[in-house]
Amino acid sequence: MLYVFARLFDLIITPSTLLLLLSLAGLLLTLRRRHDWGTRLLIAGIGGYLAFAILPLGTWLLRPLEDRFPPPLPLPEHVDGIISLGGAIDLELTHARGRPALKDSAARMTDFVALARRYPKARLVFAGGSGEIVGGPISEADVARVFYAELGIDPRRIAFEDKSRNTHENAVFASRLVHPKPGQRWLLVTTAADLPRAVGSFRAAGWPVIAVPADYRTPKNGGGWMPGSVRGLRNADWAVHEWIGLVYYRMRGWTPALFPGPA
């Protein structure tokens with residue numbers, strides 16, 4: 001029940017949803033001739049959309065998360081294993097169309113393939129069940145098995161964790177599945193903005209990892225002006241999701257620090 005509440009809160013608190021609710025409330029109050037409050041809420045809602053469309057607000061919120069773990073350059077000569085986290089697969093669309101459908105965070109999966117080929121002797125792990133409030137007939141692991149096979153990676157080489165619903169469970173369930181040993185080197189591949197929470201979760205599970213960022217959404221320096229409402233709000237939604245997630249995970253004891261960084 002707590003998981004359902006957390007997911008619903010996460011949905012409501014995102015800027016795009018809040019601005020829509022403000023605009024709708026303002027319109028409703030205006031129609032009921034409560035013009036003072038109606039006008040204020042409409043200005044707040046519509047003004048917010050314009051602000052995110054013109055100003056790099058989403059970039060400012062997202063960039064600190066993406067920059068927290070720089071790419072490991074050069075990559076280690078030897079690694080014992082590579083982990084890819086779920087979250088890049090659209091389960092509803094995949095089920096409807098019968099083909100793997102990826103979201104705009106697909107680079108975490110394709111980068112995993114590149115690393116698997118670079119380190120042919122490394123153990124491979126995919127961690128991803130279903131984050132949906134109402135579970136569907138397939139998990140991300142089911143789809144990933146097909147996806148990686150089509151890209152030439154033998155699914156028998158990959159350990160698939162298919163029960164997790166969030167990043168915390170990714171770390172805990174994957175650790176129980178593969179039993180990593182002290183001193184081993186494991187690469188963790190996921191969206192750059194997700195790495196602070198993900199690395200913190202794996203550290204809390206007793207599994208030190210080397211962060212490999214993917215799916216950057218912001219420029220390294222400057223930029224981000226006039227992103228348009230869709231891109232601006234998409235970046236802001238993702239950033240707010242991560243910042244609130246960091247606070248929530250720290251409160252639950254799922255990460256050892258509020259804003260985990262490189263060791």
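Worth pointing out:
- The gain in end-to-end length when the Gln184 to Leu20 segment is fully stretched comes to 54.3 nm, 0.36 nm per residue minus the alpha carbon separation.
- Restricting region 74-153 to GluC sites (Glu not before Pro) that sit in a DSSP loop and have at most 16 other Cβ atoms within 10 Å of their own Cβ leaves Glu77, Glu132.
- Cα shape, region 71-215, gyration tensor, a/c 1.5 rule: prolate
- Inter-label distance, Asp154 to Leu73: 3.4 nm, where each label sits 7 Å from its Cα along the C-beta direction.
- Across region 71-215, the mean sequence separation of Cα contacts (distance under 8 Å, 6 or more residues apart), normalised by length, yields a relative contact order of 29 percent.
- Gaussian network model of the chain, springs between alpha carbon atoms under 10 Å - residue of Ile89, Ile210, Ile54 with greatest fluctuation: Ile54
- Here the contact order of the chain, divided by its residue count and restricted to Cα pairs under 8 Å and six or more residues apart, works out to 26 percent.
- Computed magnitude of the charge dipole of region 71-215 (debye, nearest 20; Cβ of K, R +1, Cβ of D, E -1): 480
- In degrees, nearest ten, helix 107-118 long axis to first principal axis of the chain (Cα): 10
- Structure-derived Rg/Rh (Cα atoms, Kirkwood Rh): which label, when the choices are (1) 1.02; (2) 1.08; (3) 0.93: (1)
- Between helix 35-54 and the chain: long-axis angle, C-alpha atoms, 0 to 90°, nearest 10: 40
- Beta bridge orientation in region 71-215: antiparallel %, DSSP, nearest 5: 5
- Alpha-carbon centroid distance for the pair region 209-263 / region 31-87, whole angstrom: 7
- Residue list for region 207-236, given a label point 7 angstrom along the Cα-to-Cβ vector of Leu55 and an amide N cut-off under 20 Å: 218-219, 221-236
- Rounded, prolate or oblate (a/c below 1.5 giving rounded, otherwise prolate when a/b exceeds b/c) for region 33-156 by Cα gyration tensor: oblate
- Under a model in which nothing but the beta-carbon of Lys, Arg (+1) and Asp, Glu (-1) is charged, the chain shows a dipole of about 240 debye around its Cα centre.
- Degrees between helix 57-67 axis and first principal axis of the chain (Cα, 0 to 90, nearest 10): 20
- FRET efficiency, 1/(1 + (r/R0)^6) with R0 30 Å, evaluated for Ala96 and Leu27 via beta carbons: 0.35
- The chain: calculated mean residue ellipticity at 222 nm from DSSP helix runs of at least 4, using -39500 (n - 2.57): -16500 deg cm²/dmol
- Share, in percent, of DSSP beta bridges within the chain that are antiparallel, nearest 5: 5
- Three-way shape label, region 4-65, alpha-carbon gyration tensor, a/c 1.5: oblate
All of the numbers you see were taken from the coordinates with simple rules; none came from a lab. Computed from a prediction, not measured in an experiment: that's the story for all the values here. Cβ coordinates were reconstructed from backbone atoms using ideal geometry, including for glycine residues, and neighbour counts include every protein chain displayed.
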